[in-house]
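The values are calculated or read from the model by the stated rules, or taken from the named source; none is laboratory data. If you're wondering where the values come from, they're calculated on a predicted model, not measured in any experiment. All Cβ positions, glycine included, derive from the backbone under ideal geometry; neighbour counts span all protein chains shown.
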Amino acid sequence: MSGPSTPGYAFRTLATSGAARAGVLTTPHGDVPTPTFMPVGTQGSVKTMSPDEVAATGARIVLGNTYHLWLRPGPEVVAELGGLHGFTKWPHAMLTDSGGFQAFSLAERRQTSEDGFVFRSHLDGAKKVLTPEVAMQVQGKIGADIAMQLDICPPGDASRADFEAACARTTRWARRCLAAKRPDQAVFGIVQGGTDPALRRAHAEELAAMPFAADHRAQPAPLRHARARGAGGDPRGPLRRVREGVARGARSGRGGGRARPRYLMLSSSVVGCPLRTTSTRIWFADISRA
């Protein structure tokens, strides 16, 4: 068995079928059988459902949204209440995103530079600065088991030059995130490259050489636009090619020999419920969310 280098975390493969696999992701808050679908708890908890009801579905990992928790109630409040687990009363594993996609979506309120994002809060207009270091600090205070690196997420109709620039900056930010992370918190990297399998594979190889705990998440924005960009109404073709490129790149990178989980994020505006619920089998991801 091999796995992430962060103490308290491990991933082991139990069975394989072609490129698909079943395994177990071990975290300080318990094991997560994979493949699995990860429910989204924007403010840390899944709307309309109690923690017991979420657990009754078989879910053993829930996502919290760093952007929203950062703005309200704030990471200090969450930390004072026992971290995200104490705040939400969810006893199993938790993952938080970096807030980068939300910052990216605030196009009219946001400026981007090599340092990070500067934007205005949608709540009160307050100026916020989100850098790789701040993303790690906020996620560290919130205290989920797994944090996500800050990345650059270009729109689906961006040029190849823009996608290449996004890959390069995301790699630079990945190094900054790893340098600033909490020692006892696992961090997942994010693969960019749009729907170009070659770019995705090359970027996956770069990130696979870093001490991340996963082989890695595919960022949603380029995939969200797949249908509008001529995928014939069916997003599965571009998504499958991207997934295959990321998987090959992760395995061939210098860190590809370690068994690490693969996390795939899908857009609910593209992938309907039947596909979403089986996405971990279709794209051979260990963890997926919509």
task = Select, from A126, A147, the only residue that is closer than 20 Å to G41 by Cβ and of a type outside the set (S, T, Y).
result = A147
query = Quick one: which of A209, A147 is modelled with pLDDT of 95 or more and of a type in the set (G, A, S)?
reply = A147
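Could you please let me know if G233 is at positive phi and at pLDDT below 90?
Details: at positive phi: yes; at pLDDT below 90: yes.
The answer is yes for G233.
Go through segment 152-174 residue by residue and tally those that are closer than 30 Å to G83 by Cα and modelled with pLDDT of 95 or more.
Start the filter on segment 152-174 by keeping residues that are closer than 30 Å to G83 by Cα, which leaves 152-153, 170-174.
From what is left, the residues that are modelled with pLDDT of 95 or more are 170-174.
Residues meeting the conditions: 5.
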message = Please go through segment 129-143 and give me each residue that is more than 11 Å from V187 (Cβ to Cβ) and outside any loop (DSSP other than H, G, I, E, B), ordered by number.
response = V129, L130, E133, V134, Q137, V138, K141, I142
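How about segment 144-166: which of its residues are in a helix (DSSP H, G or I) and aliphatic (A, V, I, L, M)?
Here is the first cut: in segment 144-166, the ones in a helix (DSSP H, G or I) are 160-166.
Within segment 144-166, A161, A165, A166 meet the criteria.
Go through segment 5-33 and give me each residue that's of a type in the set (S, T, N, Q) and under 20 Å from the mean Cα position of the chain (by Cα). Walk me through how you get there before you give the answer.
Initial filter on segment 5-33 (of a type in the set (S, T, N, Q)): 5-6, 13, 16-17, 26-27.
Answer for segment 5-33, where residues must be of a type in the set (S, T, N, Q) and under 20 Å from the mean Cα position of the chain (by Cα): S5, T6, T26, T27.
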task = Within segment 151-170, track down each residue that is under 15 Å from the mean Cα position of the chain (by Cα) and polar (S, T, N, Q).
result = T170
ask   = Under 8 Å by Cβ, and 6 or more places apart or on different chains, what pairs join a residue from segment 183-204 that is buried (at least 24 other Cβ atoms within 10 Å of the Cβ) and at pLDDT 90 or above with one that is part of a loop (DSSP other than H, G, I, E, B) and aromatic (F, W, Y)?
value = A186/Y9; V187/F212; F188/F212; G189/F212
Selection within segment 59-92 - among the β-branched types (V, I, T) and more than 14 Å from M38 (Cβ to Cβ) = T66, V77, V78, T88
inquiry  = Given (1) more than 20 Å from Q149 (Cβ to Cβ); (2) over 15 Å from the mean Cα position of the chain (by Cα), identify the lone condition not met by L84.
reply    = (1)
